[in-house]
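Reading through the structure tokens given below for one structure.
The values are calculated or read from the model by the stated rules, or taken from the named source; none is laboratory data. Please read all numbers here as calculations on a predicted model, not as lab measurements. Positions of Cβ are generated from backbone atoms using ideal geometry, with glycine treated the same way; all protein chains shown enter the neighbour counts.
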Amino acid sequence: MICKEWLGGNGLDNFYQWSINNGYSQNLTIDRINVNKGYSPSNCRWATKEIQGNNKTLNIQLKISNSDI
């Protein structure tokens, strides 16, 4: 989900200003700080691929019963 501030008539301008003021660089990509929340100024940052790789959720659930042992 993208916040209303970055959508609509002035959305692109608002996003551009936020980007410039928050460290945009061509070698970075936008990253959500909390992966469970949407894209908004308070939850986004410009980050390297390495930082983004460390900020992802990889949950694997294993169910082991006594008969599997």
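Each row is one residue, and each column tells you yes or no for (1) in a loop (DSSP other than H, G, I, E, B); (2) among the charged types (D, E, K, R).
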{"residue": "8", "(1), (2)": "yes, no"}
{"residue": "14", "(1), (2)": "no, no"}
{"residue": "20", "(1), (2)": "no, no"}
{"residue": "36", "(1), (2)": "yes, no"}
{"residue": "45", "(1), (2)": "no, yes"}
{"residue": "52", "(1), (2)": "no, no"}
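Those residues that are of a type in the set (Ser, Thr, Tyr) and modelled with pLDDT under 75, I need them from the range 45-69; list them, please. Let's see the steps before the verdict.
Kept after step one, since they are of a type in the set (Ser, Thr, Tyr), are these residues of the range 45-69: 48, 57, 65, 67.
Correct list: 57, 67.
For residue 25, indicate whether it is small (Gly, Ala, Ser), over 14 Å from residue 2 (Cα atoms) and modelled with pLDDT under 95. Explain how you work it out, then say what you get.
Values: small (Gly, Ala, Ser): yes; over 14 Å from residue 2 (Cα atoms): yes; modelled with pLDDT under 95: no.
Here the answer is no, as residue 25 does not meet what is asked.
Might you let me know whether the range 33-44 holds any residue that is at pLDDT below 95, surrounded by fewer than 14 Cβ atoms within 10 Å (Cβ to Cβ) and among the hydroxyl-bearing types (Ser, Thr, Tyr)?
No, every residue in the range 33-44 fails to be at pLDDT below 95, surrounded by fewer than 14 Cβ atoms within 10 Å (Cβ to Cβ) and among the hydroxyl-bearing types (Ser, Thr, Tyr).
If you check every pair at least six apart or on different chains, which have Cβ atoms under 7 Å apart with a residue in the range 1-29 that is among the β-branched types (Val, Ile, Thr) first and a residue that is part of a strand (DSSP E or B) second?
If the second residue must be part of a strand (DSSP E or B), the pairs left are 2/39; 29/47.
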